[in-house]
1. Here are the criteria: (1) closer than 21 Å to A:GLY127 by Cβ; (2) more than 16 Å from the chain's Cα centre (by Cα); (3) not charged (D, E, K, R). Tell me which single one A:ILE170 does not satisfy.
2. Could you give every pair whose Cβ atoms fall below 8 Å, whose first residue belongs to the stretch C:133-149 and is in contact (Cβ under 8 Å) with a residue 24 or more places away in the chain and surrounded by 14 or more Cβ atoms within 10 Å (Cβ to Cβ), and whose second residue is in a loop (DSSP other than H, G, I, E, B) and among the β-branched types (Val, Ile, Thr), counting only separations of at least 6 or pairs across chains?
3. Which condition number does A:TYR157 fail, the rest of (1) within 13 Å of chain C (Cβ to nearest Cβ); (2) assigned to a helix (DSSP H, G or I); (3) over 18 Å from the mean Cα position of the chain (by Cα); (4) closer than 29 Å to A:ILE102 by Cα being met?
4. Please tell me if B:GLY157 is in contact (Cβ under 8 Å) with a residue 24 or more places away in the chain and buried (at least 21 other Cβ atoms within 10 Å of the Cβ).
5. In the stretch B:240-265, which residue that is under 9 Å from the mean Cα position of the chain (by Cα) and of a type in the set (Val, Ile, Thr) is nearest to B:LEU80 (Cα to Cα)?
6. Quick check on the stretch A:94-107: of everything there that is farther than 13 Å from A:MET253 by Cα and touching a Gly at 6+ places or on another chain (Cβ under 8 Å), which residue is surrounded by the fewest Cβ atoms within 10 Å (Cβ to Cβ)?
7. Take the conditions outside the structural domain of C:ILE57 (by TED's automatic domain parsing), modelled with pLDDT of 80 or more, more than 25 Å from B:ALA193 (Cβ to Cβ) and assigned to a loop (DSSP other than H, G, I, E, B) and apply them to C:LYS202. Does it pass?
Amino acid sequence: MAELWINYIWPVVWIVIQILMFLVPILIGVAYLTYAERKIISAMQMRIGPNVVGWFGLLQPFADALKLLTKETVLPTGASPVVFFLAPMITFSLAMLAWAVIPVNPGWVISDLNVGVLYLFAISSLGVYGVVMAGWASNSRYAFLGAMRSAAQMVSYEVSIGFIMITVLITAGTLNLSALVEAQSEPLFGVLPGWYFIPHLPMFIVFFISVLAETNRHPFDLPEAESELVAGFMTEYSSMSFALFFLGEYANMIMMSGMVSILFLGGWLPPYDATPWNLIPGVIWFAAKIAFCLFVFIWVRATFPRYRYDQLMRLGWKVFLPLSLIWLALTAGFLVYFDKVPA
Amino acid sequence: MTAIPNLTPAYAEMFLAIAGMALLMVGVFRKSDPIRGVTMLAILAFAVAAVLSISTNGAETVTFNGLFVVNAFTGFAKLLILLGAGLAMLLALPWARNEGVSRYELPVIMVFAVLGMMMMVSANNLLSLYVGLELQSLALYVLAAFNRGNLKATEAGVKYFVLGALASGLLLYGSSLVYGFSGTTSFAGLADALTGAESNAGVIVGIVFVICGFAFKVSAVPFHMWTPDVYEGAPTPVTAFFSVAPKIASLCLFLRILVGPFEDLMDQWRQVLTVICVASMLWGAVAAIAQNNIKRLMAYSSIGHVGYALIGLIAGTQEGARGMIYYMLIYLFMNVGTFAVILSMRVKDRYVESIDDLSGISKTNPAIALALTALMFSMAGIPPLAGFFGKYFVFAAAVNAGLIPLAVIGVLSSVIGAYYYLRLIKIMYFDGSVENFDRPDYSTSLVMGVCALSVVVFIFLPEPLLAGADAAAAALFQG
Amino acid sequence: MIAATLAFYLFSALAIVGALNVIFQRNPVHSVLWLIFTFFNAAGLFVLLGAEFVAMILVIVYVGAVAVLFLFVVMMLDINITMVREGFLKYLPVGLLVGGILLAELITVFAGWVMSDSADVLRAAPAPDPSDIGNTEALGLILYTDYIYVFQAAGIILLVAMIGSIVLTHRTRAGVRKQVIGEQNARRPSDTLEVVKVESGKGLQ
C-alpha cells in the first residue's frame, strides 16, 4: 500500500498541487488585470474608474464574475452546439497549458521540457482555433468576419514571432526555457545586464508588437472591433462561455508577457547579480517583469488608434517579416564570424 | 565543422538554381517588357548550365553523401533536357509577345522545372529522386494552368495536379515498401540488397508502384489520361516543353533506376513494362486517328512515342539503352519542330489549333508545309528520315534481346500510326486552301527550320552525334 | 513503463477514432476539427517515441499553420455535402473493387514480409545513441550535413510552390488606391497649407 502511495498516487497529487500553485495566482492575476486595466485607463483619461464595489473598487472583478455567472447561456439558432461551447474552453485551456513549461525561478517549473521554446510557440499558435471555431459556430456574420480577420492576423504575425524566437534561441543555443534564462545571466560588456532585449533591441520591439497582434489587443483588435463588428467573434457569447473567453484572453496576455520576460527580459534574473538586486527573490522579479509588460499592453491600448486591416497586413508581411529575417541572418552571421556560436 | 561536400559535379544544378532566383529578381525590378528579358536570360542560363554540365562530364562521381551522381549518361541526358527546354523557350518568346503575356514567371518556372529534371536525372537515392521529381512536377502543374483565365487551362492544371499527386503518392508508397525491405534508399545499397535476394511480394509490389508513378510522368498507357487535356489546355510553347523535357528526364531516370538498383528483378519489371509499352504504342496509334485538334493529336502521338522508347528500356541491354537515348534525341527534334509549326499556325493574329486549318497550306505557305511534311514523315518512321533510325535502333535492340513479339507489335502500331501522320500531309497538299497563315516569327521559323533540317540530314551525320549516346549507354552498364 | 504503454494505447486509439471521424463526419468543418485532433494524437505518439522535436514541429506546422488555412478555406466555401455525396452510390462499386484489390495486395505483401539481411544494420546506421545527444541536435547534425542536398532541394520546391500560387491567383486590379506611406510621411504642411494674414474688412483676394 505504501509503495502504491509513493510510486503512483503521490506523484499525481504532487503534480496537481504544482498545477494549482501556478493556476491560482494566474487566475487572481487575470481578475486584477481587468481591474488594473480599467483603473490605469481611467487614470490616463482623467476619470476615476471602478470605485464602488469594495475598497477602491477592489472587489469589482468578483462582482463582474458573479454577474456573468448568473446570466443565461444563449445558444444562437443554427449554431453548432459542440463547437460553440468548445471554443471558449480551448481558448482558456490553451492559455493555461502554456504555463506548464514556464520557469518562474530556478527549478520552479512544472515540466522542464527540452523543447520548451517550441512548446510555447506551438501553444501560442493554437490560440487561433478558439477564435475561428467561435466565429464559425456562432452562425453570425459579425462573428464570422471577426474570426476570419483574426485567423489571418494571427497566422501572419506568428511567422515573424517564429523567426524572432529562432534568433533568440541561436543566441542562447538551447530550446530549454530554464537554460535560456540562465544564458542571459552573463553581463554584457561586463556592465549591462545580459538580458537579450539589449543586444536584440529591434527584435524585442518587433516581438512585443507581434504579441499585441497575436493576442488581438489594441491597436490590432480588429477581430473584436466593437465599432465595426459589435464584438467580433464574441458577439454571440454570453454568461459563462463569455467569461471563459474573457479569462482566456487575459490569461493569454499574461502568458505572452511571461514569454517576453523569459525571452528578452531575463526571466527571474535580477539585472545585476549584486547585493541590492539579488536580495529580491526571482519570483518577484519575474512577476514584476510580467507586470511591466502588462502595463505596456494597457498603455498602448489607451494611446493608439486601431489599425486598418491592410495596414495590419502590410506591417506583418512587408515590415516585420523581412526585418526579423534580416536580423536572424545578421545574428547568425555575427555568431559564426566571431566564433560565438553556443556549443 | 564538417567538411563541405564536393560541389564540382553539381555546378550546373547550383548555377541553374541561383539563376532561377536571380531571374525572379530581374523580372520584379525590370519595368518594361519583363518577360522578354527574362526569357532571353533564361536561354542564356540554359546554355551556361549546358557548358557546366559538359565540363563536369566524365568519370562517374558521387557527391552529397551519395545522393547525387554524375557520369556520361546523366551528362548526355541533361544536355538533351537543356536543349529541349531551350528550344521550347525560344518558341515562348514570340508567343508571349503575340499573346500579350507579361507574366515573367513563365520562364522562371521553366528554369526551376529544368532544375528539377536535372536533379532527377542525377539522383542516386530514392530521396533525391523524389525531391527532384516533385520539383519538376510542381513547376509543371503551374505551367499547365498558366493561362488561368482560360477554362481549359484551369481544367488541365487541376487534372494534372490531382492525378500527378496520386502518381507521386504511388511512387512514394512503392519507395517505402522497397525501403522497408532493404533498409536503405541509396541506389548502390538497393542494388546490394536486391542482388541475389529471393524475390518477395513486398519488393515487387513496391517496384510496381514505382513503375506506375513513372509511367504517369512519362504519360504511358494506362496512366495517360491527363495528357490530351494538358496538351490542349497549356499554352503551346509550354506544351512543346511538356512533350520533350519531362519525358526525357523521366525516361532517363526510369532507365537508370531499372537497370541500376532493380536490375536483378528484371524478370518482374519486364512483364509490367511490356504491358505498358504495348498498350501505349497501340493506343497512341489508334486514339490519335479521331483527333481534330492538332495539340491533342500530338498528345496521342507522344504517348505512342513513349511506348517505342520503352522498348529500348525493356530490352534491358546496353544496346537497348542506346536505342532509347537515340530515340529520345530524335524525338526531341521531331516534336519541337512540330510544335514550332503549330505555333506558326496564326490566322489574323490569332493562334489556331484545328487540323482543318492546315488545309491547302502547300500553296499559301510552302515552307511551313515542307517542314511539317518532313517532320511527319519522320514521325511515321519513313526512311531515310531520322524517325526511322530511332525506331530501327529500338526494334533491333528488342530483337537482339529476344523480344521479337514486342518488335512486331511495334512495327504494326507504327504502321497504324503512319495513317494520321500521313493524313496531315494529305490535308496540306491535296485539300483546298482555306486561309493564309500570318508570316511566322523569326525565332519560330528558326526552330522549325533547324528541327526539320536535322530530321532530314540525320542520315549523314550520325557518327559524331551518336558517339555521345554510345558513351552514355556504356556508362550506364559499366557498373 | 506501464504509464508509457497506457499512453501509447490511449493516443493511438484516439488517433484512430479521430481519423475515422474525419471520414464519417457529415460536416466538413467538423472533419477538419477531427483531423486536428488526430494530428495532436500523432504528436503525442512522437513524444512517446522520444522525438519531442518532431512532435512540436508537427503541432506548429500542421496544426498551427496548415490546418488553420484549411479550416479557413472549408469555412469560407460552405461545401454542400449532399452535392458531394451525389455520385457516391454510382461510384461505390468501382471504388470498392479498387479498394478491395489494394487491400488484398497489401495483405499478401505484409503476410509474406521479409527483410533483406542487411536491412536492420542499415536502418539503424544514421541514428546516434539517444543517451548522449538530444534529438533536436541529432536531427540538425544530419540534416545540415549528410542531407543538405535534399534539404536545399526542399527549399527550392517551396519557392516554386510560392511562385506558382502567386502566379495562379494574384491579380492586379485597376482602380485600387493603395496607401503609400512614404508619400504620406513626405507630405509637409507647407505643401498644402498656406497661412495668410488677412486684413480686417478686406476678405481673401
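The values are calculated or read from the model by the stated rules, or taken from the named source; none is laboratory data. Because the structure is predicted, anything quoted here is derived from the model rather than measured. When we count neighbours, we look across all protein chains shown, and the Cβ atoms used for this are built from the backbone with ideal geometry, even at glycine.
1. Of the numbered conditions (1) closer than 21 Å to A:GLY127 by Cβ; (2) more than 16 Å from the chain's Cα centre (by Cα); (3) not charged (D, E, K, R), the odd one out for A:ILE170 is (1).
2. C:THR136/A:VAL115
3. In the conditions (1) within 13 Å of chain C (Cβ to nearest Cβ); (2) assigned to a helix (DSSP H, G or I); (3) over 18 Å from the mean Cα position of the chain (by Cα); (4) closer than 29 Å to A:ILE102 by Cα, A:TYR157 misses (3) alone.
4. yes
5. My answer is B:ILE248.
6. A:PRO106
7. When the stated conditions are applied, C:LYS202 does not pass them.
Quick grid of which residues meet (1) out of contact with any Gly (no Cβ under 9 Å at 6 or more places or on another chain); (2) at the interface with another protein chain (Cβ under 8 Å from one of its Cβ atoms); (3) closer than 30 Å to B:VAL111 by Cβ:
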residue: C:VAL109; (1), (2), (3): no, yes, no
residue: C:TRP113; (1), (2), (3): no, yes, no
residue: C:VAL121; (1), (2), (3): no, yes, no
residue: C:GLY134; (1), (2), (3): yes, yes, no
residue: C:GLY164; (1), (2), (3): yes, yes, yes
residue: C:LEU168; (1), (2), (3): no, yes, yes
residue: C:THR172; (1), (2), (3): yes, no, yes
residue: C:SER190; (1), (2), (3): yes, no, no
residue: C:GLU194; (1), (2), (3): yes, no, no
